[in-house]
């Protein structure tokens with residue numbers, strides 16, 4: 001694998017060198033703009049840029065995010081950052097599918113740390129307990145950050161736990177907010193799918209003003225109204241009992257399955273002012289979101305249908321409301337003698353409420369309600385940080401020694417709130433009519449069962465940590481960075497990690513960089529505290545499954561042990577080539593070994609499970625799953641980025657960019673089934689779950705883009721290619737499916753009519769590309785057309801218009 005990556009590395013370098021030579025031979029002149037950008041992440045002790053950093057850093061400007069035509073930050077990053085992967089075609093059938101997070105280098109969505117202005121962002125309260133690339137993850141919701149608030153997004157592609165703490169296994173995403181001192185802007189955007197649905201309306205803007213002491217305050221907002229997008233086909237199953245004349249006229253075979261409707265409103269404030277000896281700063285956000293999910297059709301002949309309430313069956317719908325708030329305040333101060341200090345405090349919380357309606361609880365019979373509050377989830381994080389940087393003249397060193405150090409304290413809590421009685425209860429009423437009349441009826445509300453009193457609970461912990469980093473130019477060509485961090489968690493103990501990064505200037509235009517580090521990801525409190533009861537009927541018998549807290553007596557009865565941090569070892573090496581100030585190429589290979597990856601186990605069931613649970617006094621449950629440190633993995637990959645820009649005579653600017661990522665992940669070790677289940681043939685990670693880890697993400701991603709501008713006109717063209725990915729059947733290899741490559745072309749044009757107004761017309765997925773359809777035998781539900789792993793394209797072509805006003 002490494003030899004292949006190095007060969008690709010060399011081929012990319014030679015191809016770009018040839019392109020540069022051809023361009024320099026022409027009549028074009030060098031564009032005045034530089035390709036390098038100053039970044040905040042990558043170095044704790046000194047200012048870094050994209051090209052002089054000892055680790056790969058990719059930057060996406062706020063303008064590039066807007067030009068993508070994307071509706072969310074995650075969608076914009078999906079199409080602009082080669083290492084970023086997060087499916088945008090996934091159907092939104094549950095609350096977790098509306099939370100759009102970040103995944104880098106083919107790793108899980110909770111193995112990347114998200115910062116805002118360099119401060120840790122809190123995670124969503126929603127945990128994904130279903131399937132897909134976010135299975136088992138509790139991620140930061142990028143939807144809560146308005147695009148209008150962003151100056152740029154910095155993506156550090158390297159293990160950085162020793163610098164920034166937990167979660168930075170795959171890398172770090174730092175969202176840098178705008179700092180406007182005057183003026184305002186307002187934008188409006190409308191988009192529509194070519195097939196006629198998915199209408200989206202949005203408005204957004206920002207307002208800047210000055211504060212005393214050369215300060216500023218910038219207020220940004222956005223508001224979105226997104227209609228549903230259908231991703232389904234007709235349901236041809238039998239709907240009524242045999243010989244029912246209504247079968248031929250049933251009018252709900254086109255029941256909805258796809259991306260549900262969503263409304264959201266986000267506000268961000270960023271401010272700073274120097275008063276006396278200190279620079280005071282603060283930023284905060286508030287987001288409100290209402291999403292409309294759905295369940296699968298319950299047919300009129302289903303035992304889950306109370307036909308007295310729904311004679312023609314029903315499709316449950318789920319309304320999810322999310323309230324998100326955060327605030328950071330801080331002060332920067334210091335002196336030449338003492339160094340620079342940064343003292344800050346951050347608070348963040350997210351609460352998710354869900355209501356299921358157009359539903360019933362069959363075990364309550366005709367007394368069942370049709371609308372239930374299923375319970376809430378709440379995640380809270382607060383922290384205090386003190387950071388310090390200083391440079392020292394050391395006699396044996398030719399350059400100043402830069403030192404950074406800091407201490408942190410963080411408090412986290414997670415809480416599950418009980419739902420309405422009818423959303424989880426077993427009312428004891430048996431099936432009223434039909435062939436199975438008198439048999440046990442399914443408890444809980446259909447579509448989404450509520451959290452029971454046994455599920456409800458709260459968990460909290462405290463985290464204390466300290467770090468130190470040394471950076472020095474040992475020679476004019478060699479820079480060395482050494483970082484170390486130790487943290488103590490009140491729930492599982494301490495962890496210590498280190499990082500060594502080197503950058504050597506081989507030639508004035510060519511540099512080598514490399515890093516080696518250890519890292520970790522602490523189990524999220526959601527993974528420790530989330531619990532849910534899932535009743536089912538098997539062969540006419542009530543079979544209740546439980547996703548149990550790992551510390552519960554129920555989980556311990558099946559061998560569950562306390563969660564420990566995932567531990568990683570990262571290696572990265574690459575080249576940075578800058579033949580001119582307007583051209584650059586970077587190529588980096590990497591390897592990430594992770595031990596004790598936290599996964600959601602399979603549902604453990606069968607005679608041995610029943611016997612073990614009965615022996616422990618839990619006779620009402622027939623199946624159980626819990627979070628566990630179940631796998632060791634190895635990820636290897638290659639990142640390539642390139643930029644080249646020039647101007648023709650008369651002010652015509654043309655800039656090209658290239659992005660490429662390829663990675664492979666394999667499971668190198670598995671935790672054995674607990675001894676209490678020895679001989680059961682049960683495994684903690686089954687074929688489907690293993691496939692999500694190893695082959696759910698596209699094997700590669702290529703982005704080629706060209707940006708042209710002349711006078712008041714500009715145009716943007718990007719071609720994307722997603723590699724293959726694969727799904728695995730739970731038990732039958734003959735039903736595994738490999739999905740082919742997908743090509744997507746995005747095109748937009750912008751014209752500035754005046755200093756105060758410009759308009760953009762664009763189309764994403766110009767040629768109406770779609771991912772491969774799911775094989776009919778694998779469709780779950782039966783009407784679904786596309787896999788939830790599809791990177792994009794389920795909606796086909798999307799046309800949009802955006803209007804921008806400046807004041």
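A few notes on this one:
- From 198, 159, 204, 171, residue being touching a helix residue (DSSP H, G or I) at 6+ places or on another chain (Cβ under 8 Å), crowded, with 20+ Cβ neighbours inside 10 Å and touching a residue at least 40 places away in the same chain (Cβ under 8 Å): 204
- Residue 429 being surrounded by fewer than 19 Cβ atoms within 10 Å (Cβ to Cβ), touching a helix residue (DSSP H, G or I) at 6+ places or on another chain (Cβ under 8 Å) and modelled with pLDDT of 95 or more: yes
- With respect to the conditions (1) over 30 Å from residue 652 (Cβ atoms); (2) at pLDDT below 95, residue 755 lacks only one, and its number is (1).
- Filtering 77, 65 for residues that are more than 30 Å from residue 129 (Cβ to Cβ), modelled with pLDDT of 80 or more and either in contact with a helix residue (DSSP H, G or I) (Cβ under 9 Å, 6 or more places away or on another chain) or part of a loop (DSSP other than H, G, I, E, B) (or both) leaves a single hit, 65.
- A count restricted to the range 118-137 and to residues that are surrounded by fewer than 21 Cβ atoms within 10 Å (Cβ to Cβ) and farther than 16 Å from residue 690 by Cα stands at 2.
- Residue 376 being buried (at least 21 other Cβ atoms within 10 Å of the Cβ), in contact (Cβ under 8 Å) with a residue 40 or more places away in the chain, more than 27 Å from residue 253 (Cα to Cα) and touching a strand residue (DSSP E or B) at 6+ places or on another chain (Cβ under 7 Å): no
- Residue 669 at pLDDT 95 or above and closer than 30 Å to residue 594 by Cα: yes
- Contacts under 9 angstrom Cβ, first residue in the range 708-735 being free of Cβ contacts under 8 Å to residues at least 24 places away in the same chain, partner surrounded by 15 or more Cβ atoms within 10 Å (Cβ to Cβ) and assigned to a strand (DSSP E or B), 6 or more apart: 721/700; 721/701; 721/702; 721/703; 721/704; 721/742; 721/744
So that you can scan it fast, the table gives a plain yes or no per residue for (1) within 34 Å of the chain's Cα centre (by Cα); (2) within 30 Å of residue 236 (Cα to Cα); (3) touching a residue at least 40 places away in the same chain (Cβ under 8 Å):
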site	(1), (2), (3)
273	yes, no, yes
276	no, no, no
280	yes, no, yes
283	yes, no, yes
292	yes, yes, yes
296	yes, yes, yes
301	no, yes, yes
305	no, yes, yes
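- Residue ID - surrounded by the fewest Cβ atoms within 10 Å (Cβ to Cβ), chosen from residues in the range 483-500 that are touching a residue at least 24 places away in the same chain (Cβ under 8 Å), over 18 Å from residue 593 (Cβ atoms) and touching a strand residue (DSSP E or B) at 6+ places or on another chain (Cβ under 8 Å): 490
- Qualifying residue in the range 328-347 (condition: part of a strand (DSSP E or B) and touching a helix residue (DSSP H, G or I) at 6+ places or on another chain (Cβ under 7 Å)): no
- In the range 657-690, the residues that are free of Cβ contacts under 8 Å to residues at least 60 places away in the same chain and part of a strand (DSSP E or B): 657, 666, 667, 670
- Every listed requirement among (1) touching a strand residue (DSSP E or B) at 6+ places or on another chain (Cβ under 8 Å); (2) surrounded by fewer than 17 Cβ atoms within 10 Å (Cβ to Cβ) is met by residue 423 save one, (2).
- Search result, residues across the range 220-266 that are surrounded by fewer than 18 Cβ atoms within 10 Å (Cβ to Cβ) and assigned to a strand (DSSP E or B): 223, 225, 263, 265
- Filtering the range 566-611 to residues that are surrounded by fewer than 24 Cβ atoms within 10 Å (Cβ to Cβ) and in a loop (DSSP other than H, G, I, E, B) leaves 581, 582, 602, 603, 606.
- Some residue of the range 627-637 being more than 24 Å from the chain's Cα centre (by Cα), surrounded by fewer than 22 Cβ atoms within 10 Å (Cβ to Cβ) and more than 19 Å from residue 606 (Cβ to Cβ): no
- Given (1) outside any loop (DSSP other than H, G, I, E, B); (2) over 23 Å from the mean Cα position of the chain (by Cα), number of the condition residue 550 does not satisfy: (1)
The values are calculated or read from the model by the stated rules, or taken from the named source; none is laboratory data. Since we're looking at a predicted model, the values are computed, not measured. Using ideal geometry, Cβ is built from the backbone for each residue, glycine included, and neighbour counts are taken over all protein chains shown.
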